[in-house]
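*Asks:* Take a look at the following structure, please.
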Amino acid sequence: MANRPTRAGAVRKSSKGPTVGTGGHGRKALEGRGPTPKAEDRSYHPAGKRKVRDERAAEKGRSPRPSEMRGGGRTKASSDGAEFVAGRNSVLEALRAKIPAISLYVAAKVEMDDRVREIISIANKRNLPVLEIMRPELERMVGSDTVHQGIMIKVPAYEYAHPRDLFESALAANQTPLLVALDGVTDPRNLGAIIRSTAAFGGHGVIVPQRRSVGVTAAAWKTSAGAAARCRVAMASNLAAAITELKKAGVFVIGLDGGGDTLLPNLPLADRPLLIVVGSEGSGLSRLVAEKCDAIVSIPISAATESLNAGIAASVALYEVARVRSTL
């Protein structure tokens, strides 16, 4: 048989006999890299960044600011104390709740949908300036970890009253003062609910401490359902000192606590100038503030329920005070 010419560089491969394997690399690849870490455990993830901010805030001995709180990535504070609320649903809900926005920012070439159309319509009806900006600038303003969806509003910093102003305005209206103070409440939704209940039951204002407490943020405005425009909020640099000053002016102080020795129904102090102090969601009243109270009041609840949150407890107490006063 004549020899066939071979092509230069050609190598004849055979399927017979042993071959060089991968050494098990394929099996290792199939094993995977284990479970995916939680979002807050990944430093590059927005949840991870918020976790780091919360830990740093705890090390400094303060509560995270509303813009730093986990789940609050749609809101960011600016250098002048104003807030940026971003995201189509958040902006729409804020405008529907009549939050006093300064301006509306819309990204250039934003995709129009029903929410954006309604947002722009509300802004025009309220004569709210509508500013078109480029997306990079919008992202710089709200932060890279915020999903802005091409739209944002700016909410001005809240102008707080002085605690004594709330008391004096009630006297000027020839009314018996009814105030609420928050001791370490950090949830803006609770603050918003308390503002709403204070307005609903004839209260004259809410007092928040300057440190370790939530302020009047866009989230609190929204939860108050517009009551923040009618019910004034005062800020005290030192809550214990503010309580002492009000007591000297003739105000009686009660603190809400599940272990209180005075029951809320038919509260004896309801007909007098009154300050209701609501403790934090976790630890309740602080020791110093509790010592300033004339009475520690408890709300009777079912044994199957451990406690009420700050917003609900304040609402029940305000209702009972209003009920007793209406019978006098």
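The values are calculated or read from the model by the stated rules, or taken from the named source; none is laboratory data. These numbers come from a predicted model, not from an experiment. Cβ placement follows ideal geometry from the backbone for every residue including glycine, while neighbour counts extend to all protein chains displayed.
*Asks:* Conditions first: (1) within 19 Å of Arg164 (Cα to Cα); (2) assigned to a helix (DSSP H, G or I). Lys222 passes all but one, so which condition is the exception?
*Replies:* All conditions pass for Lys222, except number (1).
*Asks:* Which residues, taken from segment 98-116, are surrounded by 18 or more Cβ atoms within 10 Å (Cβ to Cβ) and modelled with pLDDT under 85?
*Replies:* Ile99
One line per residue, one yes/no per condition, for (1) under 24 Å from Thr244 (Cβ atoms); (2) not charged (D, E, K, R):
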{"position": "Ser169", "(1), (2)": "yes, yes"}
{"position": "Leu178", "(1), (2)": "yes, yes"}
{"position": "Pro188", "(1), (2)": "no, yes"}
{"position": "Ala200", "(1), (2)": "no, yes"}
{"position": "Gly215", "(1), (2)": "yes, yes"}
{"position": "Lys222", "(1), (2)": "no, no"}
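*Asks:* Then there is this: Mind listing whichever residues of segment 261-294 are over 21 Å from Pro209 (Cβ atoms) and either surrounded by 20 or more Cβ atoms within 10 Å (Cβ to Cβ) or without any contact (Cβ under 8 Å) to a residue 60 or more places away in the chain (or both)?
*Replies:* Selection gives Asp261, Thr262, Leu263, Leu264, Pro265, Asn266, Leu267, Pro268, Leu269, Ala270.
*Asks:* Residues of segment 302-314 being β-branched (Val, Ile, Thr) and assigned to a loop (DSSP other than H, G, I, E, B), which ones?
*Replies:* Scanning segment 302-314 gives a single hit, Thr305.
*Asks:* Now for a different question. Every residue in segment 206-233 that is among the small types (Gly, Ala, Ser) and either in contact with a His (Cβ under 6 Å, 6 or more places away or on another chain) or buried (at least 24 other Cβ atoms within 10 Å of the Cβ) (or both), please.
*Replies:* Ala218, Ala219, Ala220, Ser224, Ala228
*Asks:* Applying the selection to segment 88-101, what residues are within 18 Å of Thr146 (Cβ to Cβ) and in a loop (DSSP other than H, G, I, E, B)?
*Replies:* Those that are within 18 Å of Thr146 (Cβ to Cβ) and in a loop (DSSP other than H, G, I, E, B): Ile99, Ala101.
*Asks:* I would also like to ask the following. Residues Ala236, Ala240: which one is among the aliphatic types (A, V, I, L, M), surrounded by fewer than 21 Cβ atoms within 10 Å (Cβ to Cβ) and over 15 Å from the mean Cα position of the chain (by Cα)?
*Replies:* Testing whether each residue is among the aliphatic types (A, V, I, L, M), surrounded by fewer than 21 Cβ atoms within 10 Å (Cβ to Cβ) and over 15 Å from the mean Cα position of the chain (by Cα) leaves just Ala240.
*Asks:* Next up: Part of a loop (DSSP other than H, G, I, E, B) and in contact with a Lys or Arg (Cβ under 9 Å, 6 or more places away or on another chain), is that true of Gly250?
*Replies:* yes
*Asks:* When segment 265-301 is examined, which residues are found to be under 30 Å from Leu328 (Cβ atoms) and assigned to a loop (DSSP other than H, G, I, E, B)?
*Replies:* Selection gives Pro265, Asn266, Leu267, Arg272, Pro273, Leu285, Cys293, Asp294, Ile299, Pro300, Ile301.
*Asks:* Okay, moving on. Could you list, in sequence order, all residues of segment 201-240 that are more than 19 Å from Val289 (Cα to Cα) and either in contact with a Ser or Thr (Cβ under 8 Å, 6 or more places away or on another chain) or aromatic (Phe, Trp, Tyr) (or both)?
*Replies:* Passing the criteria: Phe201, Gly203, His204, Thr217, Ala218, Ala219, Trp221, Ala227, Cys231, Arg232.
*Asks:* Would you confirm, using the coordinates I've provided, whether Leu95 is farther than 23 Å from Ala220 by Cα, outside the structural domain of Arg230 (by TED's automatic domain parsing) and hydrophobic (A, V, I, L, M, F, W, C)?
*Replies:* No: the conditions fail for Leu95.
*Asks:* Report yes if some residue within segment 102-109 is under 19 Å from Thr217 (Cβ atoms), of a type in the set (A, V, I, L, M, F, W, C) and in contact (Cβ under 8 Å) with a residue 40 or more places away in the chain; otherwise report no.
*Replies:* Scanning segment 102-109 turns up at least one residue that is under 19 Å from Thr217 (Cβ atoms), of a type in the set (A, V, I, L, M, F, W, C) and in contact (Cβ under 8 Å) with a residue 40 or more places away in the chain.
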